[in-house]
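J.: Starting off with a structure, shown below.
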Amino acid sequence: MADFEQKPKRPATGNGPRTPRRAPKAPLAGKAPGAPMAKAPQPAAPMAKAPAPAAPGTNTPAARPRRNYFPRRPRGQAPAANNGTPAPQIRIYPLGGLGEVGKNITLLECGGDMILVDCGCVFPDNEMYGIDLVIPDFTFVEQNISRIRGLLITHGHEDHIGSIPYLLKKVKLPIYATKLTCGLIRNKLEEFGLAGSTKFVEILPRHKVRLGCFTVEPIHVNHSIPDAVAFAIESPAGVVIMTGDFKIDYTALSGGVTDLSTLAEYGQRGVLALLSDSTNAERPGFTATEQKVVESLRGLFARARNKRIIIATFASNLNRVQQIIDLAVEDGRKVAFSGRSMVNNTEMAMELGYMHIPEGTQIDIEQLSKYPPEKVVLITTGSQGEPLSALSRMAQNSHRNVRVGPGDFIIISANPIPGNEKSVTKIVNGLLLLGADVIYESMYDVHVSGHACQEEEKLILTLTRPQFFMPVHGEYKQLKRHALTAASLGIPETNILIAENGSQVILSRDGIQLGEPVQAGAVMVDGLGVGDVGNVVMRDRKHLSEDGLVIVIATVNSADGTILAGPDLVSRGFVYVRENEQLMDGAKEIVESTFSHCLEEHTHDWNSVKTRVREALSSYIYRKTKRSPMILPILMEV
Ligand SMILES: [Zn+2]
Ligand SMILES: [Zn+2]
């Protein structure tokens, strides 16, 4: 927070303050999630010039003079509002990725044309019992499909491509992505039988593509997967830059540093809005270069000496995998791969030329035992403690080909994603118990993040000099921190907007405001079911997982309501029946007496009988055990 409070008096750029040619308008500012949406008069109405409430939580000393850093008119364009006609508008609909890390998807609209940027998924949290995947709600996309000119993808991570198959099952859209990203998407679509029917357009950094009234220029950025791009999106309303996931690595392992000069060019020409990655917004400084990891790994290879090396990392971090291969070659070791995604990704990357393994270096995992331990490196998945991953199986001593022991030197070259710490710890414990050396987390700089820290975020803000700024890709606290970073550079709080999933952000050179929100949200995928698991099902799963189930079965005479067979009680996940016979006998008596009461009262409505049984049994069980299992009475009439 310190750098926000000690604001410099002047902009931190070398450009110096600028004189605005027209008075800055006061747009509607960002708002906290949960607060009601600001209502635009009509979606198509000219910009409201409402007095601006301060951005949430930003401290705005009343007397602080507004600096002249923003806004300014892009060069070579006519003043917008001079003749009284409103400036053209662009609408941005973030449908995912705000207030969360994952399922990034953003729709942009201008002049009747729309483009969709990214289509990611998110993995379920511990509260989502049995859910495989969470995808965005596509309703708004489906409603507007006739106007959407294409789906642009920034890079091949799951939180940007993971939902594409689910979208393409509903609608047809051409996909615009770089070569490697196309390859990863194609692999994914093949599993769903959608690869053949989907049109792919391979894009290249610095090569513009036209989509309706939009002209999009992909810009090379560094990230933890090769071939990642940002997008400079030109529209009649102005240029919007979406960074996608990025960092700035001056000594990147492949592809060179993030294309700062192109970003600066757009800054010179005038950028209407910047939407920038906020994942590491809370971290000061710079993200370290991948070279640091290389040095660190080289040192560890030396330390491993006569041991077998097993390295776990993200299968998508192809640069890291390549570096490990290079080190193995340097050290005279063969390389084997383990884990389906690791095998698939490296195969595809080699085919597309993103990876190179010298002839004779790669061996099959089954041949591993034929080589002395100091002659092999095994590269595997499972760095996040995924329970079914190869590394997890090794830790449980149940891997088909690999037995871990004191002769192993294991490196986990990735930090646990928040939420995965426990499972990673479990694996580390398992491997240590088997006698292996284990290097993990921040022990030896064996991992650097793929996302920009504060100083990198500042550099992007300074180069692109946007009139408006929207932090994206992160939880609210990260978005908020990124907003403060932008404000510390002199972007007026009123020009910074923290939107949320479903916001309609209306932008023009005259201002930024929120329109009517649109439908957005999370859809849960369980097996083949998409969206059929709702709140009720989830509540039942939670109940079952916490207290178990008691089923009461009885056969009753439909004529007089007498019990012909039973009642029998079956329990699952509640108590072990054989050790609790007394309790179950008591429960049976309660059920029987409830039946006879109903009989005396001539209650023949089976639903109310069931309710009474449920209530009586529930209170009995609670009295005896202080537990509330789900109770399911089943009455069979004969
Ligand atoms: Zn990413
Ligand atoms: Zn991402």
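The values are calculated or read from the model by the stated rules, or taken from the named source; none is laboratory data. Since we're looking at a predicted model, the values are computed, not measured. Because the Cβ atoms are built from the backbone with ideal geometry, glycine has one as well, and the counts that use them run over all protein chains shown. Keep in mind that these areas ignore ligands, DNA and RNA; they rest on the heavy atoms of the full protein, side chains included. Shrake-Rupley method; radii C 1.70, N 1.55, O 1.52, S 1.80 Å.
J.: Between ALA565 and SER545, what's the calculated FRET efficiency when r is the beta-carbon distance and R0 is 25 Å? Round to 0.05.
T.: Numbers: r = 31 Å, r/R0 = 1.25.
Here the calculated transfer efficiency is 0.20.
J.: Would you calculate the separation in nanometres between label points at ASN344 and ALA195, each defined as 7 Å from the Cα along the Cα-to-beta-carbon direction?
T.: 1.0 nm
J.: How far, in nm, would the chain grow between ARG400 and ARG298 when pulled straight, counting 0.36 nm per residue and subtracting the alpha carbon separation?
T.: My answer for the length gained is 33.8 nm.
J.: Just how far, in whole angstrom, is the range 535-556 from the range 305-327 if you go by their alpha carbon centroids?
T.: First find each Cα centre; the distance between them is then 47 Å.
J.: Here is a follow-up. Sort 459-470, 328-339 by packing, meaning the average of other beta carbons within 10 Å per residue, with the highest value first.
T.: By packing density, highest mean first, the sequence is 459-470, 328-339.
J.: Please give the residues of the range 615-638, grouped as numeric ranges, whose backbone N is less than 11 Å from a label point set 7 Å along the Cα-to-Cβ vector of TRP606.
T.: It comes to 634-638, nothing else.
J.: Next question, about the same structure. Once you place label points 7 Å from the Cα toward the Cβ at THR215 and GLU615, how far apart are they in nm?
T.: 7.3 nm
J.: Please sort 497-508, 151-162, 524-535 by packing, taking for each peptide the average over its residues of neighbouring beta carbons within 10 angstrom, highest first.
T.: Ranking the peptides 497-508, 151-162, 524-535 by packing returns 151-162, 497-508, 524-535.
J.: At 1.4 Å probe size, with the rest of the protein present, what percent of the exposed accessible area of the range 562-634 is carbon and sulfur atoms?
T.: 48 percent
J.: Turning to a different aspect of this structure: Note down the net charge around THR380, summing +1 for each Lys or Arg and -1 for each Asp or Glu among other residues with Cβ under 13 Å from its Cβ.
T.: Charge balance in the 13 Å sphere: +3.
J.: Place the peptides 388-395, 140-147 in order of packing, highest mean first, counting for every residue the other Cβ atoms within 10 Å and averaging per peptide. Don't skip to the end; give the middle numbers.
T.: On the way: 388-395: 23.6, 140-147: 15.1.
So the order, starting with the most tightly packed, is 388-395, 140-147.
J.: Residues of the chain: accessible area per residue at 1.4 Å, in Å²? Present the calculation step by step, with values, prior to reporting the outcome.
T.: Numbers: 27720 Å² over 638 residues.
Result: 43 Å² per residue.
J.: Additional query: Answer rounded, prolate or oblate for the chain, using the Cα gyration tensor with square roots of eigenvalues a ≥ b ≥ c: rounded when a/c is under 1.5, else prolate when a/b is larger than b/c, else oblate.
T.: It comes out oblate by the Cα gyration axes.
J.: Right, here's the next one. Where the accessible area of the range 117-168 is counted over protein heavy atoms with a 1.4 Å probe, how much of it, in %, is carbon and sulfur?
T.: 48 percent
J.: I'd like the distance separating the alpha-carbon centroids of the range 573-637 and the range 416-480, in whole Å.
T.: 51 Å
J.: Counting only other residues whose beta carbon sits under 12 Å from that of GLU142, what net charge do I get with K and R as +1, D and E as -1?
T.: Summing Lys/Arg as +1 and Asp/Glu as -1 gives +3.
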